[in-house]
Amino acid sequence: MQKSNPSYFGYNSVTKVGVLYNSMTYNNYSDINNKYIYGAISFERQKFSLGFDYNSLTVGNAATTFNRGGLSYIYRIQLDDNLYILPALKIGFGSQTTDVRGLTFGDQLNSFTGSINSKSNDPLADITSSSNYYYMGASFLLHSYDFMFGLSLSNLNKPDTSFNKESDYESPILISIQGAYEININPYERGFLPKYSYLFLYLNTLKNKNVYNIYLSQELQLGEFSVGLMQQAGYISGINLSSVGVNIGLTFENFDFGVAYNFPFQSIGQYYTPSIFELSVTFDFSIFRRNFRGQYKRIHTDNYY
């Protein structure tokens, strides 16, 4: 959630660290590998938290790498006995590099034999293109014991991410809205469900110039196990893209393990959403987690006290 809203780094004043890896495949042949590491440290008495994250995405066949990382400052404001707001500021850096040796130029294609020559005479073939920039963001997260609502803005300074410095390209401001609600589906601890059983509903919407995206998930927390569904729909320059997926989670003491898979749908012509296989693990440093985590609740405020 902290990728969509940096305020989540300060959620419930938890000190944690996590890693995530996913592999995306589109059109059945092109791979994108994504590595993500994040962490948060809470200063409970000073009522603030610090968060950091770093993401590296590599497009295999194009030899292109996108790196993006940042540091977030989150302050906690208590509105009443069970309602908190977490405003945050984020500053980060980004870089993108394309090794043109991984690209195929027009003069390498032999139209008679259908083969691809190993060398190109194009003047760009010996150039490695790169771009570096910094970005700024702001967000807030309002939450209680049962719900969350958030708003985040990124690229507030509209950084120039163009490879060609002779023509600027300003990244548009990214706007994202999040919402979540959690329901106790076994309040009387009866029936076949485990003692701690919850239904967690989550929504994230995103707008970035002409890109629109909506993400939904429904997750059943059944004691230390969880299983859920997720749906995603996007609209990019007249192309509608959608996918559905499943995720499975396991909580063991201070660890959270997760695995997820997205099933792609063909949209228009040759365009596909990628199929995504993802693994993740998070470690919570709280020495009291073995005691209060017995509830296995996703939305809570118990660690603020």
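The values are calculated or read from the model by the stated rules, or taken from the named source; none is laboratory data. Predicted model, so just to flag it, every value in this text is computed and none were measured. No Cβ is skipped: glycine too gets one built from the backbone with ideal geometry, and neighbour counts run over all protein chains shown.
Each row is one residue, and each column tells you yes or no for (1) under 19 Å from residue 223 (Cβ atoms); (2) modelled with pLDDT of 95 or more.
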{"site": "173", "(1), (2)": "no, no"}
{"site": "179", "(1), (2)": "no, yes"}
{"site": "184", "(1), (2)": "yes, no"}
{"site": "189", "(1), (2)": "yes, no"}
{"site": "196", "(1), (2)": "yes, no"}
{"site": "203", "(1), (2)": "no, yes"}
{"site": "210", "(1), (2)": "no, no"}
- Message: Just checking, does region 81-88 include any residue being touching a residue at least 24 places away in the same chain (Cβ under 8 Å), in contact with a helix residue (DSSP H, G or I) (Cβ under 6 Å, 6 or more places away or on another chain) and under 30 Å from residue 144 (Cα atoms)?
- Response: yes
- Would you mention how many residues in region 49-61 are of a type outside the set (A, V, I, L, M) and crowded, with 17+ Cβ neighbours inside 10 Å? 5
- Residues located in region 172-192, provided they are closer than 18 Å to residue 145 by Cβ and among the β-branched types (Val, Ile, Thr): 183, 185
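Results for (1) surrounded by 15 or more Cβ atoms within 10 Å (Cβ to Cβ); (2) assigned to a loop (DSSP other than H, G, I, E, B); (3) free of Cβ contacts under 8 Å to residues at least 40 places away in the same chain, shown as yes or no for each residue.
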| site | (1), (2), (3) |
| --- | --- |
| 191 | no, yes, yes |
| 205 | yes, no, yes |
| 214 | yes, no, yes |
| 217 | yes, no, yes |
| 221 | yes, no, no |
| 227 | no, no, yes |
| 230 | yes, no, yes |
| 233 | yes, no, yes |
- Query: When both residues are 6+ apart or on different chains and their Cβ atoms are under 7 Å apart, which pairs have a first residue that lies in region 173-188 and is in contact (Cβ under 8 Å) with a residue 40 or more places away in the chain, and a second that is surrounded by fewer than 14 Cβ atoms within 10 Å (Cβ to Cβ) and among the polar types (S, T, N, Q)?
  - Reply: none
- Query: Just for region 235-264: of the residues that are loosely packed, with under 13 Cβ neighbours inside 10 Å and assigned to a loop (DSSP other than H, G, I, E, B), which one is modelled with the lowest pLDDT?
  - Reply: 238
- Message: Given the condition surrounded by fewer than 15 Cβ atoms within 10 Å (Cβ to Cβ), at pLDDT below 90 and among the basic types (Lys, Arg), answer yes or no: does some residue in region 101-112 qualify?
- Response: yes
- Query: Among 163, 149, which is among the hydrophobic types (A, V, I, L, M, F, W, C) and either at pLDDT 90 or above or within 27 Å of residue 232 (Cα to Cα) (or both)?
  - Reply: 149
